[in-house]
1. Sort out which residues of the stretch 220-240 are more than 11 Å from the ligand (Cβ to nearest atom) and surrounded by 24 or more Cβ atoms within 10 Å (Cβ to Cβ), and write them in order of number.
2. Taking His261 as meeting all but one of (1) touching a residue at least 24 places away in the same chain (Cβ under 8 Å); (2) more than 22 Å from the chain's Cα centre (by Cα); (3) under 22 Å from Ile203 (Cβ atoms), write down the number of the exception.
3. Counting only residues that are assigned to a loop (DSSP other than H, G, I, E, B) and over 20 Å from Ala71 (Cβ atoms), how many does the stretch 276-302 have?
4. Taking the conditions exactly as written (in contact with a Ser or Thr (Cβ under 9 Å, 6 or more places away or on another chain), closer than 24 Å to His26 by Cα and at pLDDT 95 or above), does Ala365 satisfy them or not?
5. Could you please let me know if Ala383 is of a type in the set (Gly, Ala, Ser) and either open to solvent by 20 Å² or more (accessible area, probe 1.4 Å) or over 22 Å from Glu128 (Cβ atoms) (or both)?
6. Just one of (1) modelled with pLDDT under 95; (2) part of a helix (DSSP H, G or I) trips up His198, so point out which.
7. For residues that are farther than 22 Å from Ala228 by Cα and among the aliphatic types (A, V, I, L, M), scanning just the stretch 117-167, find the one that is farthest from the ligand (Cβ to nearest atom).
8. Out of the residues in the stretch 303-357 that are in a loop (DSSP other than H, G, I, E, B) and touching a His at 6+ places or on another chain (Cβ under 8 Å), state the one that is surrounded by the most Cβ atoms within 10 Å (Cβ to Cβ).
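The values are calculated or read from the model by the stated rules, or taken from the named source; none is laboratory data. What you see is a predicted model; the values in this text were computed from it and never measured. Positions of Cβ are generated from backbone atoms using ideal geometry, with glycine treated the same way; all protein chains shown enter the neighbour counts. Side chains are part of the model used for accessible areas, which takes the heavy atoms of the whole protein and leaves out ligands, DNA and RNA. Shrake-Rupley method; radii C 1.70, N 1.55, O 1.52, S 1.80 Å.
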Amino acid sequence: MAVTAQPKLDARKLRADFPIFEQAFHGKPLAFLDSAASSQKPRQMLAAMTQFYETSYANVHRGVYELAERATAGLETAREKVRALLNAPAAREVIFVRNATEALNLVAYAWGLTNLRPGDVVVVTELEHHSNFVPWQYIAGRTGAEFRLIPLDDEGQLRLDALENVAGEGNVRVVAAGVVSNSLGTVNQVERLAAWAHEQGAIMVADAAQAAPHRVLDVQALGADFVAISAHKMCGPSGVGALWGRAELLERMEPFLVGGHMIRSVRADVTTWGELPHKFEAGTAPMAEAVGFGAAIDYLTEIGFDAIEQYEHELVAYALEQLSDVPGIRLYGPPAEQRAGIVSFNLDDVHPHDVAQVLDLDGIAIRAGHHCCQPLMSRLGVAATNRASFYVYTLPEEIDRLVSGLHRVRKVFA
Ligand SMILES: Cc1ncc(COP(=O)(O)O)c(C=O)c1O
């Protein structure tokens, strides 16, 4: 199969927006195949942050002078852009956090510590990123709740037939699952899980860190109660992410972090909390980062999330086809139709770090390791894999370079 000229997404043209590609690495053009870890940054986003710092910078929400009001407007405009991206009902349900990990910890601590008790069951998946696994395992441990996994089949799909057994373990109160696996690219059936969670009387927590950059994400259609995303994986800056939560749940929750900005009133005997979203935004907000996040959302919206998903789908189908011809390769995960632009593999008995290091000499950047998914690695029976991941600036010839590079790796370690 060939990657067709995609009329809606011109990766070659978009690539010119990303200054990182102007450099050579080991004398070769950069083939950046590690966007699932963090994406590269377009000039438009960088310019929006610089402009904010140069023309609109002051602390937000506190000043009455014009500059502070301008900064506040910058932050709140960004919040509205995140709301629109997620099709969330209200901007006050969008909380700025440092990253998806913090968003998930916020829910685990602020909802879990108050609502979980012995006899309750917290359910995550065997596929989960540690960021949506460890907080729940930890809070379940602290509250005496049981912690259970939805197992995987051999293709890396969730075994939803196991849900009945899980329900028999106790009072299911939390179901936490990723929308797209960062390791295998599996697109999970979160809508079905959310419906099941609600039948059990549980909350549904969706980790959309790996979905938001690549496809339309509509929190109302998803049916989850909380959704976590990170800006840095979607052309935005590091240091900012967002949690969306249903207002009725957020309003009933205790705060996560306490201190400046998040209060209504503070007295020696009692402190009361501010309104949403401020109750969950203690301290100075990541203002410039939020503005950059908003600019990244504009950038991706202009390309079109349907076009992005379709293009990545072509890339992953092409990659799976080309890679499967490499002798000694073992590919993990479902067929192309059921996955996003991520491919995990191992090559003969060569350690993934050695594979990645040899490829680096050709200017090819891929990831090697457990990808923050050690339970998944145990399920696959490996300590680590190699992972190539794609984005709007990935060119089909970079996949060809990866394949040629793997042939060279085999020669080096023959
Ligand atoms: C599926 C998934 N969830 C959560 C995270 C954590 O994101 P962050 O490091 O931005 O908190 C990642 C990052 O790799 C991820 O891929």
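1. Ala224, Asp225, Phe226, Val227, Cys235
2. If we test His261 against (1) touching a residue at least 24 places away in the same chain (Cβ under 8 Å); (2) more than 22 Å from the chain's Cα centre (by Cα); (3) under 22 Å from Ile203 (Cβ atoms), just (3) comes out false.
3. Residues meeting the conditions: 1.
4. It is false that Ala365 is in contact with a Ser or Thr (Cβ under 9 Å, 6 or more places away or on another chain), closer than 24 Å to His26 by Cα and at pLDDT 95 or above.
5. yes
6. With respect to (1) modelled with pLDDT under 95; (2) part of a helix (DSSP H, G or I), His198 is out only on (1).
7. Ala167
8. Looking at the filtered set, the residue picked out is Gly341.
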